[in-house]
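All remarks here apply to the structure that follows.
The values are calculated or read from the model by the stated rules, or taken from the named source; none is laboratory data. Here the structure is a predicted model, which is why all the values come from computation and not from measurement. Counting neighbours? That spans all protein chains shown, and the Cβs are built from the backbone with ideal geometry, glycine included. Surface areas here come from the heavy atoms of the whole protein model, side chains and all, with no ligands, DNA or RNA. Shrake-Rupley method; radii C 1.70, N 1.55, O 1.52, S 1.80 Å.
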Amino acid sequence: MANPGGGTVCNGKLHNHKKQSNGSQRRNCTKNGIVKEAQQNGKPHFYDKLIVESFEEAPLHVMVFTYMGYGIGTLFGYLRDFLRNWGIEKCNAAVERKEQKDFVPLYQDFENFYTRNLYMRIRDNWNRPICSAPGPLFDVMERVSDDYNWTFRFTGRIIKDVINMGSYNFLGLADKYDESMKTIKDVLEVYGTGVASTRHEMGTLDKHKELEDLVAKFLNVEAAMVFGMGFATNSMNIPALVGKGCLILSDELNHASLVLGARLSGATIRIFKHNNTQSLEKLLRDAVIYGQPRTRRAWKKILILVEGVYSMEGSIVHLPQIIALKKKYKAYLYIDEAHSIGAVGPTGRGVTEFFGLDPHEVDVLMGTFTKSFGASGGYIAGRKDLVDYLRVHSHSAVYATSMSPPIAEQIIRSLKLIMGLDGTTQGLQKVQQLAKNTRYFRQRLQEMGFIIYGNENASVVPLLLYMPGKVAAFARHMLQEKKIGVVVVGFPATPLAEARARFCVSAAHTREMLDTVLEALDEMGDLLQLKYSRHKKSARPELYDETSFELED
């Protein structure tokens with residue numbers, strides 16, 4: 001970020017000394033793009049720890065073999081499409097009927113090339129049905145395919161007690177019924193299973209009001225509004241906040257719900273490099289200087305869209321600097337805390353607490369109840385006038401069915417547990433246990449020699465696999481041989497050559513479970529030669545290196 005104070009730069013750190021009116025001295029330094037301010041007068045720290053994130057590059061030969069694998073797969077894909085066109089090989093994909101040959105095509109043939117010829121080969125690693133609660137252990141229904149993964153059939157066998165390393169059950173609150181869930185059972189008996197109406201009509205319950213007041217108290221903001229679907233919380237509320245004549249500045253790795261909401265809004269969208277505040281500041285500066293295209297009028301609003309924890313990278317937003325830029329250029333900040341609320345910060349209150357910042361510094365706080373709270377839905381929180389505006393203008397409030405009463409009660413129960421309003425410290429213990437498990441799991445993986453992405457405090461842990469063949473072998477072997485359920489992710493959810501396994505650490509995982517998984521990963525890393533780490537910095541500085549973006553004078 002620009003240094004208006006004229007400090008000195010040494011070894012990548014910015015040192016800026018100023019005399020305070022009370023005689024104390026303030027020292028600022030940045031590392032990995034995060035500002036650390038310490039005061040000697042005993043006042044609270046602005047932020048008292050440095051961000052430690054890892055984005056290591058793969059060895060050259062790994063990338064060569066990865067692209068070769070995709071290249072060979074593509075060649076065979078064209079060959080098989082040729083055979084299908086001539087009827088030599090049966091095509092099980094969706095195709096046009098002969099009676100509709102003169103119609104505009106319903107199915108996009110070329111766009112499905114990857115799905116037909118690459119994804120289908122390893123499709124058995126996704127959409128695996130489970131038949132139990134998604135706790136630290138769960139049961140998986142076994143299935144097999146007789147036509148190379150085009151269709152599946154169940155064998156009737158259940159794979160019992162699989163270690164769950166894929167669910168977003170960060171605090172372990174999505175589990176089997178116990179006595180602490182009695183209030184949910186009581187609400188189910190009184191209110192039933194659903195509301196069958198929108199919030200504007202007959203769908204606002206006292207349980208919704210209780211939940212909204214509790215969310216606002218938890219986040220330390222004026223007001224909050226809850227919605228029945230987390231994805232729609234973004235996609236339906238962003239269009240209510242910005243529109244034509246507004247500018248959205250979006251992180252390039254933002255979730256699809258944020259991307260869809262931005263597109264539906266009709267606002268102009270510009271992308272900045274992931275967690276790179278130099279890139280963001282240049283866009284902000286250009287927006288202020290040049291205004292709207294052609295007319296050069298000032299933008300009606302400038303909205304910055306970021307996430308708290310990025311679900312594919314495991315990185316944490318550089319919030320202090322983004323807030324500083326927001327204030328400097330008079331923009332608004334919208335932060336999606338789907339993966340950070342309940343899971344980050346000393347008491348689980350998200351990235352604002354993690355950085356020691358006032359929640360009122362963020363204009364729109366969004367989060368979901370689908371991860372840490374073991375439920376579903378989402379919320380928008382902030383100033384009361386903002387929330388009141390959304391109650392009238394949000395499509396989710398006008399058209400979508402209200403949150404189910406038992407779900408609302410589950411969230412209330414979870415919030416009370418985390419806040420200690422149930423009279424125990426179990427919630428705080430779960431938050432602390434999650435932090436311990438996360439650091440332990442990440443540290444052990446790094447020691448083994450795996451390349452893992454992200455922040456040391458992020459419970460989402462991506463382990464890089466790269467090659468498509470190894471992605472399939474990894475997931476299959478972990479389930480069939482080790483009884484460990486993992487999520488593997490590839491293109492288009494990640495860059496083509498950065499396929500990975502994404503582990504989600506939970507407070508419900510015991511040290512024995514984590515050690516079992518780590519032992520299996522150690523063995524798998526040797527078997528598939530996945531230990532690529534050479535502890536070198538990423539070769540993609542434009543994505544990860546904060547100092548890579550040079551600003552024009």
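Values as computed for the structure displayed
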| read-out | value |
| --- | --- |
| Residue in segment 196-212 that is modelled with pLDDT under 95, open to solvent by 80 Å² or more (accessible area, probe 1.4 Å) and either in contact with a helix residue (DSSP H, G or I) (Cβ under 8 Å, 6 or more places away or on another chain) or closer than 30 Å to V95 by Cα (or both) present | yes |
| Some residue of segment 193-210 being of a type outside the set (A, V, I, L, M, F, W, C), farther than 30 Å from S394 by Cα and not in a loop (DSSP other than H, G, I, E, B) | no |
| Output for segment 135-164, where each listed residue is in contact with a strand residue (DSSP E or B) (Cβ under 9 Å, 6 or more places away or on another chain), part of a loop (DSSP other than H, G, I, E, B) and farther than 30 Å from A507 by Cβ | S145, D146, F152 |
| Set E361, E337, E353, E307: member being without any contact (Cβ under 8 Å) to a residue 24 or more places away in the chain, at negative phi and of a type in the set (D, E, K, R) | E353 |
| Any pair with Cβ under 6 angstrom, 6 or more apart, that starts in segment 514-525 at a residue that is closer than 15 Å to F474 by Cβ and ends at one that is in a helix (DSSP H, G or I) | L518/R444; D522/M448 |
| Among the residues listed as K282, K326, K301, the single one being buried (at least 20 other Cβ atoms within 10 Å of the Cβ) and of a type in the set (K, R) | K326 |
| Odd one out for W150, checked against (1) surrounded by fewer than 16 Cβ atoms within 10 Å (Cβ to Cβ); (2) within 30 Å of T74 (Cβ to Cβ); (3) touching a residue at least 60 places away in the same chain (Cβ under 8 Å); (4) not hydroxyl-bearing (S, T, Y) | (3) |
| Evaluation of F46 against (1) surrounded by 11 or more Cβ atoms within 10 Å (Cβ to Cβ); (2) modelled with pLDDT of 80 or more; (3) of a type in the set (A, V, I, L, M, F, W, C) (one fails), failing number | (2) |
| Helices (runs of 4 or more DSSP H) within segment 363-470 that include 2 or more residues within 26 Å of S180 (Cα to Cα) and open to solvent by 20 Å² or more (accessible area, probe 1.4 Å) | 405-419, 426-448 |
| Among the residues listed as G454, G382, G449, the single one being over 24 Å from the mean Cα position of the chain (by Cα), at positive phi and of a type outside the set (D, E, K, R) | G449 |
| Residue pairs meeting the criteria (Cβ under 7 Å; at least 6 apart or on separate chains; first closer than 22 Å to D251 by Cβ, in segment 272-297; second polar (S, T, N, Q) and in a helix (DSSP H, G or I)) | F272/S279; K273/S279; T277/Q321 |
| Lone unmet requirement of (1) open to solvent by 10 Å² or more (accessible area, probe 1.4 Å); (2) part of a loop (DSSP other than H, G, I, E, B); (3) in contact with a Ser or Thr (Cβ under 9 Å, 6 or more places away or on another chain); (4) more than 25 Å from S402 (Cα to Cα) for G348 | (1) |
| Answer from S180, S167, S132 - the residue that is surrounded by 14 or more Cβ atoms within 10 Å (Cβ to Cβ), of a type in the set (G, A, S) and assigned to a helix (DSSP H, G or I) | S180 |
| Qualifying residue in segment 400-413 (condition: under 30 Å from E252 (Cα atoms) and among the small types (G, A, S)) | yes |
| T295, sole failed condition from (1) part of a helix (DSSP H, G or I); (2) hydroxyl-bearing (S, T, Y); (3) open to solvent by 40 Å² or more (accessible area, probe 1.4 Å) | (1) |
| Number of the exception - Y70 against (1) touching a strand residue (DSSP E or B) at 6+ places or on another chain (Cβ under 7 Å); (2) under 19 Å from F474 (Cβ atoms); (3) among the hydroxyl-bearing types (S, T, Y) | (1) |
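Condition check ((1) surrounded by 13 or more Cβ atoms within 10 Å (Cβ to Cβ); (2) in a helix (DSSP H, G or I); (3) not basic (K, R)) across all residues:
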site: I51; (1), (2), (3): yes, no, yes
site: A58; (1), (2), (3): yes, no, yes
site: Y70; (1), (2), (3): yes, yes, yes
site: G73; (1), (2), (3): yes, yes, yes
site: Y78; (1), (2), (3): no, yes, yes
site: F82; (1), (2), (3): no, yes, yes
site: G87; (1), (2), (3): no, no, yes
site: C91; (1), (2), (3): yes, no, yes
site: F103; (1), (2), (3): no, no, yes
